[in-house]
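Trainee: For reference, the structure I am asking about is given below.
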Amino acid sequence: MAERLVGRPAPNFMMEMVSGDGEHFGKVSLSDYKGKWLVFFFYPLDFTIVCPTEITALSEVYAKFKELNTEVLGVSTDSIHSHRAWIRTDKNDNGVGKLNFPLASDITKSVARDYGVLIEEEGVALRGLFIINPDSEIVYQVVNHNNVGRSVEETLRVLQALQSGGLCPINWKPGEQTLKAN
């Protein structure tokens, strides 16, 4: 049976990554995001059909995440070399082009396994998205089938709801009243 992650410390990670411009390789760890919010998302593979739509949409609104003291990190089980090639491939040729955040390589599949999104028999991750607070606690997760992309607007809405510190009713939007506990 799967173990819940929400409300628990985020599993630690250390992975190789490539910068969003495809120019630099490096390492990335959970501790790099201490004191900031993190939208940490998994996608199945580079050079697929649905993934570029999500990744480029997240990149396009990256400035909004930054305004909310939030970083974004994408990860798949592909290598950093595949990530670099994908970033350097034009969007019209099934690439993602330059991104505003890095892509990490979970080539060992250990991070996807720790976050409960690895499809073991295929060696790829499901579409898992986690919001990790500045204290490295997972406060939101959504995992879905690989044929359905996620909503950037919903991710932003949930992030802002979590940051509001209030009780947010269904369809709550920033600027609206939160609920009061009885």
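The values are calculated or read from the model by the stated rules, or taken from the named source; none is laboratory data. Because the structure is predicted, anything quoted here is derived from the model rather than measured. Every residue, glycine as well, gets a Cβ built from its backbone with ideal geometry; the counts of neighbours run over all protein chains shown. Quick note on the areas: whole protein, heavy atoms, side chains included, nothing else; ligands and nucleic acids left out. Shrake-Rupley method; radii C 1.70, N 1.55, O 1.52, S 1.80 Å.
Trainee: What are the pairs, 6+ residues apart or on separate chains, where a residue within segment 141-161 that is of a type in the set (Lys, Arg) has its Cβ under 8 Å from a residue that is part of a helix (DSSP H, G or I)?
Mentor: What qualifies is Arg150/Glu54.
Trainee: Quick check, is Glu137 open to solvent by 50 Å² or more (accessible area, probe 1.4 Å), closer than 28 Å to Pro169 by Cα and either among the polar types (S, T, N, Q) or free of Cβ contacts under 8 Å to residues at least 12 places away in the same chain (or both)? Can you show your working first?
Mentor: Values: open to solvent by 50 Å² or more (accessible area, probe 1.4 Å): yes; closer than 28 Å to Pro169 by Cα: yes; either among the polar types (S, T, N, Q) or free of Cβ contacts under 8 Å to residues at least 12 places away in the same chain (or both): no.
Criteria not met by Glu137.
Yes/no per residue for (1) at pLDDT below 95; (2) within 25 Å of Gly123 (Cβ to Cβ):
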| position | (1), (2) |
| --- | --- |
| Ala10 | no, yes |
| Gly22 | yes, yes |
| Asp32 | no, no |
| Phe47 | yes, yes |
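Trainee: Please tell me if Glu23 is open to solvent by 10 Å² or more (accessible area, probe 1.4 Å), within 25 Å of Ser136 (Cβ to Cβ) and among the acidic types (Asp, Glu). Please lay out each step first, then the result.
Mentor: Values: open to solvent by 10 Å² or more (accessible area, probe 1.4 Å): yes; within 25 Å of Ser136 (Cβ to Cβ): no; among the acidic types (Asp, Glu): yes.
No; evaluated as a whole, the condition is false for this residue.
Trainee: Which number in (1) at pLDDT below 95; (2) among the hydrophobic types (A, V, I, L, M, F, W, C); (3) under 15 Å from Ala57 (Cα atoms) marks the one condition that Val124 misses?
Mentor: (3)
Trainee: In addition: For segment 96-116, state whether one or more residues are of a type in the set (D, E, K, R), within 15 Å of Thr56 (Cα to Cα) and touching a helix residue (DSSP H, G or I) at 6+ places or on another chain (Cβ under 9 Å).
Mentor: Yes, segment 96-116 contains at least one residue that is of a type in the set (D, E, K, R), within 15 Å of Thr56 (Cα to Cα) and touching a helix residue (DSSP H, G or I) at 6+ places or on another chain (Cβ under 9 Å).
Trainee: Which of the residues that make up segment 79-129 are open to solvent by less than 60 Å² (accessible area, probe 1.4 Å), outside any loop (DSSP other than H, G, I, E, B) and over 21 Å from Pro9 (Cβ atoms)?
Mentor: Of everything in segment 79-129, those that are open to solvent by less than 60 Å² (accessible area, probe 1.4 Å), outside any loop (DSSP other than H, G, I, E, B) and over 21 Å from Pro9 (Cβ atoms) turn out to be Ile80, Ser82, His83, Arg84, Ala85, Trp86, Ile87, Leu103, Ser105, Ile119, Val124, Arg127.
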